[in-house]
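What follows is calculated from the coordinates using simple rules that are stated; it is not laboratory data. As the structure is a computational prediction, the values presented were derived from the model and not from experiment. Positions of Cβ are generated from backbone atoms using ideal geometry, with glycine treated the same way; all protein chains shown enter the neighbour counts.
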Amino acid sequence: VGDAAKNTYHSNPENTVFNVKRLIGRKMDDPDIKRDMKHWPFKVREKLGKPVITVKYHGADKDFTPEEISAMVLTKMKETAEAYLGEKATHAVVTVPACKLNDAQRQATKDASTITGLQVLRIINEPTAAAIAYGLNKKTGESQIIVYNLGGGTFDVSLLSIDDGVFEVLATDGDTHLGGEDFNNRIIEHFTKQYKKKTGTDVSGNLRAMGKLKREVEKAKRTLSLQQSVCIEIESFEDGNDFSKTITHAKFEELNMDLFHREVVRRALKILEDNDL
């Protein structure tokens, strides 16, 4: 779980599971799942109309539900909290994206917590949790704040009213399929096309090569927050061939421009306008 899993991803991609939030509480016939599966190295199949993740475990295929995978992550977080607190963690407040999450997804998230043995006190929206994490609930008086939450897979914007520590959500919008993973995928697709054009080899089906590229693209994206260009170099990328490509901040923006201009972003900005912020 966490860094330990990320560090083995390039050598064991088909058994490294991520983006499970995009599976939990959904039906297998969901069009979003069909689109996402193109970017996942692990196997997802249908069982009773719902998606299950198939991995190799002790040499045999084993199915895990999205709730079970989420429970593994929550168990790790529970252990971390217990080590810090020096006592057992028995209750939890669980956060979910503020946007377009249906009852099945919320219940599945709660079920994942129950698997770990945690009693869920409440499910709250991520922007509200972010405001609490910043200590905004401790301010006296009345104020309005806008919380912008762009994560690995979801994007939320919420307008909150805070009156002596009491939160009220005035407006919220977002997209459950807009985040860092989507930006990464655009860069990965760009480089795989370039590599095919140069070498004639389509590496999109080479899970290990794609695992290496995904790891380096994530690093490069972070670096582009600080500088205008970055060189991605991968030794023995594919069939003994090395990989070396440069991406600029301008190219990153070009590849993702339509994502930056999604309707949800304009609606989020309208929240500010409508409330004179």
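The table below gives the values:
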quantity	calculated
Residue 251 versus residue 227: modelled label distance in nm, points set 7 Å from Cα along the beta carbon direction	1.5 nm
For region 74-91, 3J(HN,Hα) per residue [Karplus equation, 6.51 cos²θ - 1.76 cosθ + 1.60, θ = phi - 60°, Hz, x = Gly/Pro]	5, 4, 4, 5, 4, 5, 5, 5, 5, 5, 6, 7, x, 8, 6, 9, 10, 10
Relative contact order of the chain, defined on C-alpha pairs under 8 angstrom at six or more residues apart (%)	14 percent
R0 of 30 Å, Cβ-Cβ distance residue 7-residue 81: FRET efficiency to nearest 0.05	0.85
Student exercise, the chain dipole from Lys, Arg, Asp, Glu Cβ charges, in Debye to nearest 20	780 debye
Relative exposure of 188, 69, judged by other C-beta atoms within 10 Å (fewest first)	188, 69
Proxy reagent accessibility, fewest Cβ within 10 Å first, across 82, 216, 235	235, 82, 216
Dipole in debye (nearest 20) - region 3-70, about Cα centre, beta carbon charges: Lys, Arg +1; Asp, Glu -1	160 debye
Spin-label pair residue 30/residue 122, simplified geometry with 7 Å Cα→Cβ offset, distance in nm	2.6 nm
Across 21/196; 110/270; 212/245; 6/47; 27/76; 78/139, pairs whose alpha-carbon gap is larger than 22 Å	21/196; 110/270; 6/47; 27/76; 78/139
Two-site label geometry, residue 197 and residue 93: point separation in nm, points 7 Å out along Cα→Cβ	5.0 nm
Too-long pairs where the Cα-Cα distance tops 19 Å, listed order kept, from 34/56; 221/251; 197/221	34/56; 197/221
Cross-link reach list, aspartates and glutamates versus residue 138, counting only Cα pairs under 12 Å and skipping chain neighbours closer than eight places	163, 164
Residue exposure sequence - 246, 201 - by fewest surrounding Cβ within 10 Å	246, 201
Region 119-160 - percent relative contact order, Cα under 8 Å, separation 6 or more	35 percent
